[in-house]
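Heads up: the structure comes next, in structure tokens.
Readers should treat all values here as calculations from the given coordinates under stated rules, not as data from a laboratory. Just so it is clear, the model here is predicted, and its values are computed rather than measured. Because the Cβ atoms are built from the backbone with ideal geometry, glycine has one as well, and the counts that use them run over all protein chains shown.
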Amino acid sequence: MTARVLVIKLSALGDFIQATGPMKAIRAAHPDARITLLTTPPFEAMAQATGWFDEVWTDGRPSWGDLPAVAGLIRRIRRARFDRVYDLQTQGRTARYFQLLWPHRPAWSGHAAGAAYRYSGPDRDRLHVQDSQRRQLEIAGVALVGPPDISWLTGSGEAAPPEPFALLVPGGAPHRPAKRWPSAAYGDLARRLADSGVTPVVLGHGPEEAALAADIQTAEPRALSLVGQTRFGDIADLARRAALVVGNDTGPAHIAIAAGAPGVVLFSAESNPDLSAPRPVRDGQTVDILREPDLADLAVEAVWAAVQAIKSR
């Protein structure tokens, strides 16, 4: 009988990208299994494109106030009769899913109390997410977990800025504005890039990030805006051709680094790079992490020095 495996990864974009190494390793460890991914709608197309999953479910985050939806998800998991579950989300939500599956729980890899392959304790919360997930899978017998792999992620190929170009990612989650370096600083950086012969290309989506791009273009008219014109695969394609990327700690910057672009990623007190910073995925790739509790205090000169160091390599 074919083994059935469930992988849980609900969000967010940067976290999904970081989990691609473990996802690939799970498929390699279960080459003949039927593997299902439980996720949320924004990641359905990406999950299908990996080639690692036989099925993708997108109902992984029902509101706790919608009891019929929660019950429906638990019932769906029960009926699938999974032999093993790899919880790569490892949050309170997914631990509750495990508890709600009593008394017939599958062999579960995660932090939930009572899991067959439990990975818990203070070390889990002190390690970088890639190291933590590698340790989690080792406990479950899955070895050789590599770095993020998005070699499968491609776009339409329509975006073709003049080379050399640098990707700028000035946006981020709307509810976390403190994770953003000011648009005026990005404008100054764009001017320095353009003066050095590198075209600044601004990425983003939505009206708020369009406004950020407009601010940057006001400061440096030679900057190009692709806001609203790139999907995840387009960002990966651009990153494979880019001289470098400079961005806040947000999903598109994680895609660019995972695609192999050298870059500078900016962190505020809102997130901890020791736990979640993007890491190089190939030999020779430089990824510099700059951290300032309040990104308004991060000097353009510091970012420019990191950019120049990358350009000189």
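Once mean projected area of the Cα convex hull in nm² is worked out from the coordinates, which option in (i) 20.7; (ii) 18.3; (iii) 16.4 does it equal?
The value matching this structure is (iii).
What residue among 217, 229, 18 shows peak mean-square fluctuation when the chain is described by a Gaussian network model with Cα springs under 10 Å?
229
Set the Förster radius R0 to 45 Å, insert the Cβ-Cβ distance between residue 66 and residue 297 as r into 1/(1 + (r/R0)^6), and round the FRET efficiency to 0.05.
Calculated value: 0.60.
Only Lys, Arg, Asp and Glu count, each charged at its Cβ (+1, +1, -1, -1), so figure out the dipole size of the chain about its Cα centre, rounded to 20 debye.
Here the size comes out at about 1340 debye.
Going through the range 254-312, which trypsin sites (Lys or Arg not before Pro) have at most 12 other Cβ atoms within 10 Å and a DSSP loop state?
Passing both the DSSP loop test and the Cβ count: 282.
Mind telling me which of 259, 243, 299 comes out most flexible in a GNM of the chain, alpha-carbon contacts under 10 Å?
The residue with the greatest mean-square fluctuation here is 299.
Of 30, 128, 104, how do they rank once you tally other Cβ atoms within 10 Å and put the fewest first?
Taking fewest neighbouring Cβ atoms as first place, the list is 104, 128, 30.
May I ask you to list the residues of the range 260-303 whose amide nitrogen lies under 17 Å from a point 7 Å from Cα along the Cα→beta-carbon direction of residue 131?
Label zone hits: 272-281, 289.
Apply 1/(1 + (r/R0)^6) to the Cβ-Cβ distance of residue 74 and residue 156, taking R0 = 35 Å, and write down the FRET efficiency to the nearest 0.05.
With a Förster radius of 35 Å, E is 0.35.
Stretched out fully, how many nm does the piece from residue 11 to residue 102 gain, at 0.36 nm a residue minus the Cα gap? Each step should come with its number before you reach the end.
Working: separation 91, 0.36 × 91 = 32.76 nm, distance 2.52 nm.
Here the segment from residue 11 to residue 102 would lengthen by 30.2 nm.
Cut-off under 13 Å on the C-alpha distance; same-chain residues fewer than 8 positions from residue 9 excluded. Which aspartates and glutamates are left, in chain and number order?
Cα-Cα hits under 13 Å: 44, 59, 87.
Normalised by the residues of the range 165-311, what does the relative contact order come to in percent, with Cα pairs under 8 Å and at least six apart?
This gives 25 percent for the range 165-311.
Could you work out the helix-only [θ] at 222 nm for the chain, with each DSSP H run of four or more residues adding -39,500 (n - 2.57) and the total divided by the number of residues, to the nearest 500 deg cm²/dmol? Don't jump to the answer; show the numbers that get you there.
Working: 13 runs with 123 residues, N = 313.
Estimated from H runs of four or more residues: -11500 deg cm²/dmol.
Counting other C-beta atoms within 10 Å, which of 255, 139 has the fewest, and how do the rest follow?
Going from sparsest to densest Cβ surroundings: 139, 255.
I need the peptides 110-122, 84-96 ranked by packing, meaning the mean over residues of other C-beta atoms within 10 angstrom, with the highest value on top.
84-96, 110-122
Considering the chain as a Gaussian network with a 10 Å cut-off on Cα pairs, which listed residue, 228, 21, 263, attains the greatest mean-square fluctuation?
Greatest mean-square fluctuation among the candidates belongs to 228.
Using a Förster distance of 41 Å, how high is the FRET efficiency between residue 173 and residue 116, based on the Cβ-Cβ distance and rounded to 0.05? Please list the in-between numbers first.
Details: r = 35 Å, r/R0 = 0.84.
For residue 173 and residue 116, the calculated efficiency is 0.75.
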